[in-house]
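A.B. asks: Before I ask anything, here is the structure I am working with.
The values are calculated or read from the model by the stated rules, or taken from the named source; none is laboratory data. Predicted, not measured: the structure shown is a model, and the values here were computed from it. We place every Cβ from the backbone using ideal geometry, glycine too, and count neighbours over all the protein chains shown.
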Amino acid sequence: MIKKNRSMVQRRLIPTYIFLGIVSFLSVFPLYWMATAATNSTVEVARGKIIFGTQLANNMQKLLASQDLWGAMTNSFIYALAQTIVALFVCSLAGFGFELYHDKQKDRLFGILLLSMMVPGVATMIPLFKMMSTFGFLNTVWGFMLPAISTAFLIMMFRQNSRSFPVDIMEAARIDGVSEFGIYWRMYLPVMKATYAAAAVITFMNAWNAYLWPRVVMTSKDAQTMPMLIANLAAGYSVDYGVLMLGVLFCSVPTMVIFFILQKQFAEGITGAVK
């Protein structure tokens, strides 16, 4: 009887497995096509070849000859890491203060902060560019990351997850003579590590994939990032799709690696888990 019930349940799950298999295939196929296209010539890509070819070395040679790949990769890593580290510190400190030092005035200020999410980034780009130019931050890591080190979304994320932070720990720490910043650094930061991981993934991916603002503030070719390099490969009358897909592959791998490493912590941080 038990075996019969199990077989019936398994049969009912067959459509679900088929559906999940189709969705998984549709999700993974673009990545597979990108990888195969990087090993084929432009003609083969245009013909729709979806198996690995023999043009990887040739495409790599063309990419290195036409673009400063390693320079763009280095710039993207430096800019993305710097923005991630500073943004995590600033936004977590703000979320910590908004929630754990709660009062009506802070609620009003937080409401104003949330309103900034309604303002499109393009509307602030011209004044931001003038500010960066006045301060001499063009073509620098400061010009890249300063407009994004404090975002309403990350502050809201840290504030919401801070509601699960045990306030009794703060009271005990104050009795022991720990300073307010010491509470943040020695207690809040380790307990909220899942939220930090989720915020790190979001911030790094946004910084790595940023195109419009770096295109505006990075006027020198030596300061270009990977998305700018991809845009250069796609420009012009004739596009070498094999080289373009190889560049896209180089641009995609770092973010995928970061996500796979932190995927468990990312899921816990998004759901508000506190360790």
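A.B. asks: Just to be sure, is Ser92 assigned to a helix (DSSP H, G or I) and either touching a residue at least 60 places away in the same chain (Cβ under 8 Å) or touching a Pro at 6+ places or on another chain (Cβ under 7 Å) (or both)?
C.D. replies: yes
A.B. asks: For segment 83-99, check the following and say yes or no: at least one residue is within 22 Å of Ser252 (Cβ to Cβ), assigned by TED's automatic domain parsing to the domain that holds Ala148, of a type in the set (S, T, N, Q) and surrounded by 15 or more Cβ atoms within 10 Å (Cβ to Cβ).
C.D. replies: So far as segment 83-99 goes, yes, one or more of its residues are within 22 Å of Ser252 (Cβ to Cβ), assigned by TED's automatic domain parsing to the domain that holds Ala148, of a type in the set (S, T, N, Q) and surrounded by 15 or more Cβ atoms within 10 Å (Cβ to Cβ).
A.B. asks: Output the residue which, of all residues in segment 27-70 that are among the β-branched types (Val, Ile, Thr) and part of a helix (DSSP H, G or I), is modelled with the highest pLDDT.
C.D. replies: Among those residues, the one meeting the criterion is Thr36.
A.B. asks: Just one of Lys193, Lys130 is touching a residue at least 40 places away in the same chain (Cβ under 8 Å), among the charged types (D, E, K, R) and in the same structural domain as Val86 (by TED's automatic domain parsing); which is it? Write out each step before concluding.
C.D. replies: Numbers: Lys130 fails: touching a residue at least 40 places away in the same chain (Cβ under 8 Å).
Sole residue among the options that is touching a residue at least 40 places away in the same chain (Cβ under 8 Å), among the charged types (D, E, K, R) and in the same structural domain as Val86 (by TED's automatic domain parsing): Lys193.
A.B. asks: Given the residues Phe165, Phe181, which is the only one that is crowded, with 17+ Cβ neighbours inside 10 Å and out of contact with any Ser or Thr (no Cβ under 7 Å at 6 or more places or on another chain)?
C.D. replies: Phe165
A.B. asks: Here's another thing I want to ask about it. Quick check on my filter: what residues within segment 39-68 are within 30 Å of Pro147 (Cα to Cα) and buried (at least 18 other Cβ atoms within 10 Å of the Cβ)?
C.D. replies: Gln67
A.B. asks: State all residues of segment 150-171 that are of a type in the set (A, V, I, L, M, F, W, C) and part of a loop (DSSP other than H, G, I, E, B); if no residue qualifies, say none.
C.D. replies: If the condition is that a residue be of a type in the set (A, V, I, L, M, F, W, C) and part of a loop (DSSP other than H, G, I, E, B), then Phe165 is the only one that fits.
A.B. asks: Which of the residues that make up segment 221-275 are touching a helix residue (DSSP H, G or I) at 6+ places or on another chain (Cβ under 9 Å) and not in a helix (DSSP H, G or I)?
C.D. replies: Gln224, Thr225, Ser238, Val239, Asp240, Thr271, Gly272, Ala273, Val274, Lys275
A.B. asks: May I ask you to list the residues in segment 197-255 that are among the β-branched types (Val, Ile, Thr), in contact with a Phe, Trp or Tyr (Cβ under 7 Å, 6 or more places away or on another chain) and buried (at least 22 other Cβ atoms within 10 Å of the Cβ)?
C.D. replies: Val217, Thr225
A.B. asks: Next up: Filter segment 225-261 for residues that are of a type in the set (Gly, Ala, Ser) and under 17 Å from Gly53 (Cα atoms) and give the result.
C.D. replies: Gly242, Gly247
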